[in-house]
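Reading through the structure tokens given below for one structure.
The values are calculated or read from the model by the stated rules, or taken from the named source; none is laboratory data. This structure is a prediction, so every number in the text was calculated from the model and none was measured. Using ideal geometry, Cβ is built from the backbone for each residue, glycine included, and neighbour counts are taken over all protein chains shown.
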Amino acid sequence: MSISVAIVGSGPSGFYTAAALLELGADCTIDIIERLPTPYGLIRGGVAPDHQTTKRVMRAYERTALHSKVRYYGNVELGKDIALGELRALYDAVVLSVGAPFDRPLGIPGEDKHGVIGSAAFVGWYNGHPDFRDLDPDLATKAVVVIGNGNVAIDIARVLVKSKAEMAATDLPGYAEAAIRASPIADVYMAGRRGPIEAKFTNVELREMGELEDCHPVVEAAQLPDTVTGEMSDRDRRLREKNMASMREFAAQSPAGKSKRVHFTFFAKPVEILGGGRVEGIRFERTKVTDGRAVDTGEFFEIACGLVLPAIGYQGAALEGAPFDARGGVIPNARGRVEPGLYVAGWIKRGPTGVIGTNKPDGDEAAEAILADAGAGGKPGRSALDAHLASRNVVPVSFADWKTIEAAEIAAAAPGAPREKFCRVRDLLAVLGR
Ligand code: NAP
């Protein structure tokens, strides 16, 4: 008998779980349930708009979505249109691949001021995510501080300083493009609480900062160590040495008439966001790094700015009907199995780290656990979901509907751009005449 599988969340980990089930030759039906009308999670809403090559992985996910065993249910929200308990009653296996959509708080005074915007919201805004379409960030400032030394921090810095020409072949939505062009932002400070060796951004992303048309990367040569020291694998050492080499090149580069700067600001632990109702600056404590850890020095300094964008990592949220480890922001599991019948993959399983490919082994593990537990199957799955949704007057967005939306986005694109996204749920549904 065929087993029925529901996968909640259509980002990379959801699609890799579906693909793994198909590769294992499972006799199954797979229904991918997604809160938004549009699929692909962070590929559409998180990967930077100027990283179109990375977004190409959508093509592989599309092949999975078009498989005869797979059906896409967009615009269906777990917890609203169907409760987790109800879904589990209908399906032999439910996989939660819902990601880690919220910003971790900084936990310092002033964090609630106007002009402090976490990376989940800010990245969502410039990526046309419906939750953040109307964020309307106030970019009327010359200086911005991005907190964090990860790839998200570097993405944000880069999108803010790239020129119009550099963003032409991207899917940065028109409203975000207009806001960034109208902004006087000239200095972006990217602040890490540890040093250049400990920075988490990868070398491809770092190197891009040295190749920008109108932005100079500012690195203080004195902050760069002569050699990469500390306990680490040979691979890590090589990667960090590459980063040091790139930063040494930056330190030697001339500003050459460029009108913007990204300042790599190391050994800077944020302690307070300054200003009245709105941000006017940020106070840092200078750190030194001992055994890989940031140690306070008692020395403070301030940077004046009108916008603070913490990019310090994400966290998952509790879902009714599933256990939750609030400290780790994950659903406790053993190799993807929460309990027989309930599985996890991606950031809600293991926290918000890794690249897109890191989700593939998650999909493999979840698929193997599902098949090990499933027995003969027997729960009705799809037909019962259709009946449930119809009883609630919920009309899902099918994959064919999504392709209609996508075709309209491609048709609306400016010359050279891959698409012009529809960014509000009502606008997405309007394409379908709903
Ligand atoms: P991340 O790589 O974990 O970086 C978070 C940064 O925030 C670190 O520099 C961290 O410093 C800092 N931080 C954390 N808490 C802080 C605090 N309280 N005060 C000051 N700084 C703090 O996370 P991410 O940038 O959000 O990226 C998430 C994952 O997605 C990563 O695995 C990343 O590589 C991946 N990603 C990849 C790409 C790409 O491949 N192009 C693009 C975007 C994201 P410490 O190191 O000191 O903790």
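All conditions in (1) crowded, with 19+ Cβ neighbours inside 10 Å; (2) in contact with a Leu (Cβ under 8 Å, 6 or more places away or on another chain); (3) of a type outside the set (A, V, I, L, M, F, W, C) hold for T202, with the sole exception of (1). You will find that of L319, L428, the residue that is within 22 Å of P101 (Cβ to Cβ), part of a loop (DSSP other than H, G, I, E, B), in contact with a helix residue (DSSP H, G or I) (Cβ under 9 Å, 6 or more places away or on another chain) and not polar (S, T, N, Q) is L319 and no other. The set of residues from the range 112-136 being part of a loop (DSSP other than H, G, I, E, B) and either within 12 Å of the ligand (Cβ to nearest atom) or buried (at least 21 other Cβ atoms within 10 Å of the Cβ) (or both) comprises G115, I117, G118, N127, G128, H129. A single member of G45, G79 is of a type in the set (G, A, S) and crowded, with 19+ Cβ neighbours inside 10 Å, and it is G45.
Within the range 228-249, the set of residues being more than 27 Å from the chain's Cα centre (by Cα), in contact (Cβ under 8 Å) with a residue 12 or more places away in the chain and on the phi < 0 side of the Ramachandran plot comprises V228, T229, E231, R248, E249.
Among the residues that make up the range 85-100, is at least one of them within 30 Å of R278 (Cβ to Cβ), modelled with pLDDT of 95 or more and among the hydrophobic types (A, V, I, L, M, F, W, C)? Yes, there is a match, as at least one residue in the range 85-100 is within 30 Å of R278 (Cβ to Cβ), modelled with pLDDT of 95 or more and among the hydrophobic types (A, V, I, L, M, F, W, C). Annotation: M190 fulfils all but one of (1) within 23 Å of A304 (Cα to Cα); (2) within 16 Å of the ligand (Cβ to nearest atom); (3) buried (at least 18 other Cβ atoms within 10 Å of the Cβ); (4) without any contact (Cβ under 8 Å) to a residue 60 or more places away in the chain; the unmet one is (4). The lone criterion from (1) in a helix (DSSP H, G or I); (2) modelled with pLDDT of 95 or more; (3) surrounded by fewer than 21 Cβ atoms within 10 Å (Cβ to Cβ) left unmet by M247 is number (3).
When only residues in the range 147-157 that are assigned to a helix (DSSP H, G or I) and crowded, with 22+ Cβ neighbours inside 10 Å count, which is farthest from the ligand (Cβ to nearest atom)? Among residues in the range 147-157 that are assigned to a helix (DSSP H, G or I) and crowded, with 22+ Cβ neighbours inside 10 Å, the one farthest from the ligand (Cβ to nearest atom) is A157. Evaluated against (1) more than 16 Å from the ligand (Cβ to nearest atom); (2) part of a helix (DSSP H, G or I); (3) among the β-branched types (V, I, T); (4) in contact (Cβ under 8 Å) with a residue 60 or more places away in the chain, I185 falls short on exactly one condition, (2).
For V161, state whether it is crowded, with 21+ Cβ neighbours inside 10 Å, within 15 Å of the ligand (Cβ to nearest atom) and closer than 29 Å to M247 by Cα.
no
Within the range 100-111, the presence of at least one residue that is crowded, with 17+ Cβ neighbours inside 10 Å, away from the ligand (no atom under 13 Å from the Cβ) and either more than 22 Å from G351 (Cα to Cα) or among the acidic types (D, E) (or both) is confirmed. Among the residues of the range 137-146, those identified as surrounded by fewer than 24 Cβ atoms within 10 Å (Cβ to Cβ) and in contact with a Phe, Trp or Tyr (Cβ under 9 Å, 6 or more places away or on another chain) are P137, A143. Residues in the range 164-195 that are over 23 Å from the mean Cα position of the chain (by Cα) and closer than 28 Å to N243 by Cα: K164, A165, I185, A186, D187, G195.
When the range 194-244 is examined, which residues are found to be over 23 Å from V355 (Cα atoms) and either within 12 Å of the ligand (Cβ to nearest atom) or assigned to a helix (DSSP H, G or I) (or both)? The answer is A221, A222, Q223. Scoring R327 on the criteria (1) at pLDDT 95 or above; (2) assigned to a loop (DSSP other than H, G, I, E, B); (3) charged (D, E, K, R) leaves a single failure, condition (1).
Before we move on, is A294 more than 21 Å from G85 (Cα to Cα) and either assigned by TED's automatic domain parsing to the domain that holds S183 or of a type outside the set (F, W, Y) (or both)? In short, yes.
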